[in-house]
Amino acid sequence: MGYENNEISIVMTGDNEIKKLNNKFRGISKPTNVLAFPMLNNDFSLINPELLGDIVISVETAEKEAQKFGISLGERISQLLIHGILHLIGFDHEAGKLNADKMRKKSLELIQLIEKNSNVEVF
């Protein structure tokens, strides 16, 4: 995807901590599955141009979703990690249907590269 020499920070946490972050940065006072904090296009991009940003995943929410979707926790974490990475590099499913479709297509392409289960989709 053109980011061979870049890095990301990944935090695996629980619902309580991600709820605090979701409230602080998005104004939504409830847990979520993944948050992404891009560093490429903001005031901090000059500090470390190789840092794409931070991804925070709630393992508690991921586990509930994995059970709901009938997939393993590892598969759900892979989906959320891909989702977060795509946000870090500029994909935004909340910016209209066309952007959501582009993000879903790229997500499916990437999940099929890394997951052994070829039936795993994105949710």
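Things to note:
- Only residues that are of a type in the set (Lys, Arg) and under 18 Å from residue 83 (Cα atoms) were counted across segment 20-60, and they come to 1.
- Taking the conditions (1) in contact with a strand residue (DSSP E or B) (Cβ under 9 Å, 6 or more places away or on another chain); (2) hydrophobic (A, V, I, L, M, F, W, C); (3) surrounded by fewer than 17 Cβ atoms within 10 Å (Cβ to Cβ) in turn, residue 73 satisfies each one other than (1).
- Being on the phi > 0 side of the Ramachandran plot and in contact (Cβ under 8 Å) with a residue 40 or more places away in the chain is a condition met by at least one residue of segment 42-55.
- Selected residue (criterion: surrounded by the fewest Cβ atoms within 10 Å (Cβ to Cβ)) from residues of segment 16-34 that are under 19 Å from residue 93 (Cα atoms) and in contact (Cβ under 8 Å) with a residue 40 or more places away in the chain: 34
- Listed by position, the strands (runs of 3 or more DSSP E) inside segment 1-109 whose residues that are modelled with pLDDT under 90, out of contact with any Ser or Thr (no Cβ under 7 Å at 6 or more places or on another chain) and not charged (D, E, K, R) number at least 2 are 51-58.
- Residue match in segment 40-57 (condition: of a type outside the set (Lys, Arg), buried (at least 16 other Cβ atoms within 10 Å of the Cβ), farther than 23 Å from residue 6 by Cα and in contact with a Gly (Cβ under 9 Å, 6 or more places away or on another chain)): no
The values are calculated or read from the model by the stated rules, or taken from the named source; none is laboratory data. Since this is a predicted model, take the numbers as computed values, not measurements. Don't worry about glycine lacking a Cβ; one is built from the backbone with ideal geometry, like all the others, and counts go over all protein chains shown.
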